[in-house]
Amino acid sequence: MRPITRSLQELQEDPVRLDALAWNRRGALKGAALAAMGTALGAAIPFGRHMPAGLLPAALAQGAGAPPVLRMDGKAPLLILGERPLVAETPENLLDEPVTSAANFFIRMNGQLPDPVADADGWVLTIDGEVNTPLRLTVGELRSRFPNVTMQLQMECGGNGRSQFSPATRGNQWGNGAISNAAWTGVRLKDVLAAAGLKPSARFTGHFGADPHLSGATDRDAISRGMRIEKAMDEDTLLCFAMNGAPIPNVHGAPLRMVVPGWPGSLSQKWLKRITLLAQPHTGAGMGGTSYRTPVRPIIPGSNDNGASFADMESMPVRSILSSHANGTRLPAGSRAMALRGAAWAGDDTVRTQHVSVDFGATWQEMTLAAPANRHAWQRWQGNVALPSDGYFEIWYRATDSKGRMQPHAAPNWNPQGYGANAIGRIAVLVG
Ligand SMILES: Nc1nc2c(c(=O)[nH]1)N[C@H]1C(S)=C(S)[C@@H](COP(=O)(O)O)O[C@H]1N2
Ligand SMILES: [Mo]
């Protein structure tokens with residue numbers, strides 16, 4: 001038998017051989033495929049009898065080749081999903097810190113990176129539209145005029161998990177790593193809006209940033225999203241000037257960014273320069289059609305739809321990550337237990353339980369789940385699982401929110417731009 005890592009890598013890089021080895025043409029496991037798969041992996045599959053037909057083993061599911069790795073000052077080796085604009089995902093096993101460091105914070109740019117500003121306190125934010133008194137406030141004035149708050153807030157890209165969709169959708173093929181939980185310091189948007197005085201007609205927001213459009217066109221915004229006024233008035237929607245007790249790194253929106261926790265990350269405008277109050281939903285770049293919108297009634301996966309009947313994504317669905325071990329972890333022969341850790345979150349909601357399975361979902365074990373540090377912070381979980389023997393295992397992990405909604409087995413509610421994919425997580429583990 002060849003060494004495991006070698007055959008694993010070979011298989012990952014040779015999907016045609018993998019296919020021929022294990023799958024018939026309709027994507028179901030061939031009769032003897034399980035044994036063949038065991039041989040290819042160089043290990044027995046102790047719980048192979050529970051392995052669902054047609055499910056690609058996690059060890060092989062990451063596809064051909066590994067994505068290039070980010071090299072940027074102050075950043076960990078994130079996985080580059082796109083170069084222009086720059087998009088980089090945090091591998092789940094780098095998200096093992098309770099509070100996400102700047103180094104491990106994922107990057108999602110839609111336009112070009114603006115030049116760093118020297119005078120952060122002099123940066124000007126405009127509040128206009130359906131307000132009694134339009135405001136022009138510097139960061140220094142925001143800091144001194146309004147109560148400062150510091151909170152842990154989860155911020156997740158609306159497309160997190162997109163790579164789970166079948167058929168594949170357009171956009172960055174995120175795993176589960178477009179999530180962060182930093183400690184943010186800033187002022188409440190609701191306090192600033194109160195100072196401006198909302199007119200009764202102020203029912204929606206529109207957000208504008210200073211990053212140039214990818215094309216360089218000066219009359220186009222890289223992205224400009226907006227939301228219902230109710231979310232703007234939420235206690236936890238902040239205008240932030242510090243992250244983890246330090247100035248915000250430029251790539252994350254210095255010197256001022258919104259943090260709209262629990263809703264699609266695209267609302268958390270970086271390099272924030274203007275918020276306008278509107279009577280009608282905002283029509284900026286990234287609004288309407290199929291942008292950050294999902295079907296109200298399911299559509300046929302892969303079909304064309306202009307999204308006219310879709311609804312804007314608001315609170316993100318329940319999801320969990322496993323941060324203590326990477327996919328493809330190898331443990332020494334004879335290892336019979338694993339101490340697992342991770343995080344779970346559920347948009348505006350909280351997570352009620354976290355479960356883990358080591359036998360392809362036949363049995364589930366409840367993990368210990370901590371309360372969030374504050375509302376809209378993620379929740380850490382941990383627990384020990386036993387392994388009966390050497391061999392190939394998968395750790396499956398799933399969260400259930402306080403309303404009883406659980407991560408599904410496959411990405412739900414297919415939509416053209418691939419939002420809201422929150423399927424149960426999986427990693428491969430080889431013992432021996
Ligand atoms: N000005 C501006 N704000 C932006 C973006 C952007 O491209 N420009 N990207 C949005 C998207 S889609 C996400 S998911 C988050 C990502 O924030 P991060 O790069 O700090 O992780 O910022 C949002 N705010
Ligand atoms: Mo995003």
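The values are calculated or read from the model by the stated rules, or taken from the named source; none is laboratory data. Since this is a predicted model, take the numbers as computed values, not measurements. For neighbour counting, all protein chains shown are included, and Cβ atoms are generated from backbone atoms with ideal geometry for every residue, glycine included.
Some notes on this structure:
- Tally of residues being within 16 Å of ligand 1 (Cβ to nearest atom) and either among the charged types (D, E, K, R) or part of a loop (DSSP other than H, G, I, E, B) (or both) across the stretch 158-217: 22
- The listed residue being away from ligand 2 (no atom under 16 Å from the Cβ), over 27 Å from PHE204 (Cβ atoms) and assigned by TED's automatic domain parsing to the domain that holds THR283, out of GLU141, GLU130, GLU92, GLU83: GLU92
- Enumeration of residues in the stretch 401-420 that are in contact with a strand residue (DSSP E or B) (Cβ under 9 Å, 6 or more places away or on another chain) and farther than 15 Å from GLY361 by Cα: ASP401, SER402, LYS403, GLY404, ARG405, ASN413, ASN415, GLN417, TYR419, GLY420
- Note on the stretch 74-122: residues that are within 14 Å of ligand 1 (Cβ to nearest atom), out of contact with any strand residue (DSSP E or B) (no Cβ under 7 Å at 6 or more places or on another chain) and part of a strand (DSSP E or B) total 1.
- In the stretch 295-308, the count of residues that are modelled with pLDDT of 95 or more, part of a strand (DSSP E or B) and not hydroxyl-bearing (Ser, Thr, Tyr) is zero.
- Residue in the stretch 361-371 that is assigned to a strand (DSSP E or B) and within 19 Å of the chain's Cα centre (by Cα) present: no
- Residue match in the stretch 131-153 (condition: within 13 Å of ligand 1 (Cβ to nearest atom), modelled with pLDDT of 95 or more and not hydroxyl-bearing (Ser, Thr, Tyr)): yes
- Breaking point among (1) away from ligand 2 (no atom under 14 Å from the Cβ); (2) in contact with a Pro (Cβ under 6 Å, 6 or more places away or on another chain), for GLY158: (1)
- Qualifying positions in the stretch 218-240 - within 13 Å of ligand 1 (Cβ to nearest atom) and assigned to a loop (DSSP other than H, G, I, E, B): ARG220, ALA222, ILE223, SER224, ARG225, GLY226, MET227
- Every residue from the stretch 69-96 that is closer than 20 Å to ILE248 by Cβ and either in contact with an Asp or Glu (Cβ under 8 Å, 6 or more places away or on another chain) or free of Cβ contacts under 8 Å to residues at least 12 places away in the same chain (or both): ASP73, LEU78
- Checklist (1) outside any strand (DSSP E or B); (2) within 22 Å of the chain's Cα centre (by Cα); (3) crowded, with 18+ Cβ neighbours inside 10 Å applied to ALA326, failing item: (3)
- Selection within the stretch 160-186 - out of contact with any helix residue (DSSP H, G or I) (no Cβ under 9 Å at 6 or more places or on another chain) and among the small types (Gly, Ala, Ser): GLY161, SER163, SER166, ALA183
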